[in-house]
Every structure is written in C-alpha cells, then in structure tokens.
Amino acid sequence: MTAFVRAATPDDLGALEPILPAFLAPPYKRGRFLRALANGEVCVAEDRSAVVGFMWLNEFFGHRFVNVLAVATDRRRTGFAGVLLAAAEANLPTDRVFTSTNRSNASMHAVLARYGWSRCGEVDQLDPGDPEVFYVKRPSRSP
Ligand SMILES: CC(C)(COP(=O)(O)OP(=O)(O)OC[C@H]1O[C@@H](n2cnc3c(N)ncnc32)[C@H](O)[C@@H]1OP(=O)(O)O)[C@@H](O)C(=O)NCCC(=O)NCCS
C-alpha cells in the first residue's frame, strides 16, 4: 500500500461516487457534500493515483471534526482509514480532534479503538434507535 492524502476538488467527484456512503444520498446532504468538496473540506487518499477513500472534515465547538470517513469496499482492511485519520490528526487548530459514528457501526468503532481514539459521549435522536457515539483523540497524549 502506497498512500497519499491530498485535498479533494470537484474534479474528484466521479472517483468518489462509488465510495460515498448511502447516508449522503438525500438531496440536502448531497448538496452539502458538494459544497464541502468545493470549499476544500474533503481529503482523498490515493493509491497509485487512484482514489481509494476520503474524509470530510469540519468544525465542532472550535475543534476539528471528522464528519465522514469512508474507504472503497474492495480496499478495506489495508490501513487506508488509518492513513486518513493520521492526516486528520496533523496540524490541528487545538489539542484534540473529534469524530462520531452510529452505535451500530461496528467497523468504525473497531477502527477508532485500533488508532487510539476514546469514547466521550453519546447523542440520541439523530438516528432514532441508533445513538451517535462520539470519540476524541489528543494526539500529543497518544503513545
Ligand atoms: C470504517 C471504514 C472507514 C474503515 O476503513 P478501513 O480502511 O477498512 O480501516 P483500516 O484498514 O484502517 O482498519 C484498521 C483496523 O481497524 C479494525 N477494523 C476495521 N474494519 C473492521 C471490521 N469491519 N471489523 C473488525 N475490525 C475492523 C481492524 O483492527 C483493522 O486492522 P486489521 O485489518 O489489521 O485487523 C470502512 O469500513 C468504511 O468505509 N465503512 C463505510 C463508511 C463508514 O461507515 N464510515 C464511518 C462513519 S462516517
């Protein structure tokens, strides 16, 4: 695996389409994602110039927040989420970075545990019956 992370542009949309999670399909969310792409809020991971994953970063109470992280189905379990999360942890505006995922998303919980993130809370009533679990990482305190 030779991974390279760079800022995405609207020209990457075609390569991103097969990787976009279904929850970004509703028109409002898709429109918001397209604006994020144009605004430089999205990074892609490439392997030999092919886009294999992406993350969408934004702000959460003044801290960086990994809003969406996804890797192409056929490229999973080869460390690309780790490469993207390492990029999210670089050059932070504050001493910590946050993310969240549904309680039901076992693979994302496993990823966050693997890369040293800590659970820090839960919010009900976003997806009924499937609370949003929040995680934090303070890179300077990591082993
Ligand atoms: C979650 C996701 C981004 C992980 O990407 P990935 O590139 O496969 O993750 P990595 O290869 O970096 O995984 C690192 C470690 O996390 C753990 N892990 C990852 N996926 C796992 C799974 N499905 N089951 C159990 N452990 C898992 C393992 O410890 C893995 O190391 P290993 O492969 O050596 O055992 C990917 O599954 C995905 O795109 N899912 C759909 C979108 C999504 O749900 N995103 C999160 C919410 S926005």
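Please treat every number below as a calculation from the coordinates, not as lab data. Keep in mind it's a predicted model, so treat the numbers as computed, not measured. Here the Cβ is made from the backbone with ideal geometry for all residues, glycine too, and neighbour counts use every protein chain on show.
Structure values in brief
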| item | result |
| --- | --- |
| Sequence-distant residues sharing a close amide H with N67 (under 5 Å, placed H) | W56, L57, N58 |
| Sparsely packed GluC sites (Glu not before Pro) within segment 40-143, loop by DSSP, other Cβ within 10 Å at most 16 | none |
| Evaluated over segment 1-92, the Cα radius of gyration and Dmax, each in Å | 12.5, 36 |
| Segment 73-143 shape via C-alpha gyration tensor axes, a/c threshold 1.5 | oblate |
| Trypsin sites (Lys or Arg not before Pro) within segment 57-143, DSSP loop, no more than 14 other Cβ atoms inside 10 Å | R77, R103 |
| Summed residue charge, Cβ within 14 Å of V66's Cβ, Lys/Arg positive, Asp/Glu negative | -1 |
| For segment 122-129, Karplus couplings with θ = phi - 60° (6.51, -1.76, 1.60), whole Hz, Gly/Pro x | 8, 10, 8, 6, 8, 10, x, x |
